[in-house]
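A short write-up of the structure that comes next.
A short reminder: the numbers here are calculations on the coordinates, not readings from a lab. Just so it is clear, the model here is predicted, and its values are computed rather than measured. Note that we place each Cβ from the backbone using ideal geometry, even for glycine, and neighbour counts take in every protein chain shown.
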Amino acid sequence: MVVDSSAIVAILRGEADAPLYGRVLATANEVRMSTVTDYELRIVLGRYGPALVERYNILVDEIGIVMVDFDQTESLKSHEAYRLFGKGNHPAGLNMGDCVAYALAKRLDAPLLFKGNDFARTDVRRAL
């Protein structure tokens with residue numbers, strides 16, 4: 001399974017559906033995340049203070065999230081995702097970070113754990 005930043009933010013911010021996302025993460029055989037998504041999360045969570053970033057670090061360790069390096073192949077696949085589903089190109093309106101998570105899930109033929117309706121308008125397999 002690949003996890004998008006939206007699911008992690010929901011968990012760490014204690015949103016109403018956080019327990020659902022937490023259960024899916026906790027019961028997955030393997031969870032992968034792009035290093036770009038990791039970086040994005042550190043920026044977003046840092047806006048709420050260092051304690052949330054530390055909780056994220058703990059979550060990564062507890063779940064055993066495997067970080068996947070963002071290389072030229074990932075860049076090309078992410079760019080293709082933007083061409084197909086990006087803002088201004090498609091009703092899904094994926095942003096840069098979304099395209100990175102989408103491309104990784106497609107490359108690995110893995111379901112994507114996400115929150116929201118944007119990915120639902122694409123052809124990615126859903127984890128939930």
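Of the chymotrypsin sites (Phe, Trp or Tyr not before Pro) found in the range 23-128, the ones in coil according to DSSP and having at most 15 other Cβ atoms within 10 Å of their Cβ are 48. For the range 37-93, what number results from the quotient of the Cα radius of gyration and 2.2 N^0.38 Å? Computed over Cα atoms of the range 37-93, the ratio equals 1.45. Annotation: amide H-H contacts under 5 Å for residue 31 (H modelled 1.01 Å from N, sequence separation of 5 or more, or interchain): 66.
Quotient of the Cα radius of gyration of the range 2-112 and 2.2 N^0.38 Å, N being its number of residues: 1.05.
Placing dummy labels 7 Å off each Cα toward the beta-carbon, the span from residue 87 to residue 30 is 3.3 nm.
Under the combined filter of DSSP loop state and at most 15 neighbouring Cβ atoms within 10 Å, the range 60-128 retains these trypsin sites (Lys or Arg not before Pro): 87, 125. Here the simple spin-label model places points 7 Å from the Cα toward Cβ, and for residue 55 and residue 23 these points are separated by 2.0 nm.
The string of couplings for the range 123-128 from the Karplus curve (6.51, -1.76, 1.60, θ = phi - 60°) is 9, 6, 6, 9, 7, 9 Hz, one whole number per residue in order, with x for Gly and Pro. Qualifying GluC sites (Glu not before Pro) in the range 1-59, where qualification requires a DSSP coil assignment and no more than 12 other C-beta atoms within 10 Å, comprise 30. Taking 7 Å steps out from each Cα toward its Cβ at residue 42 and residue 71 produces label points 2.1 nm apart.
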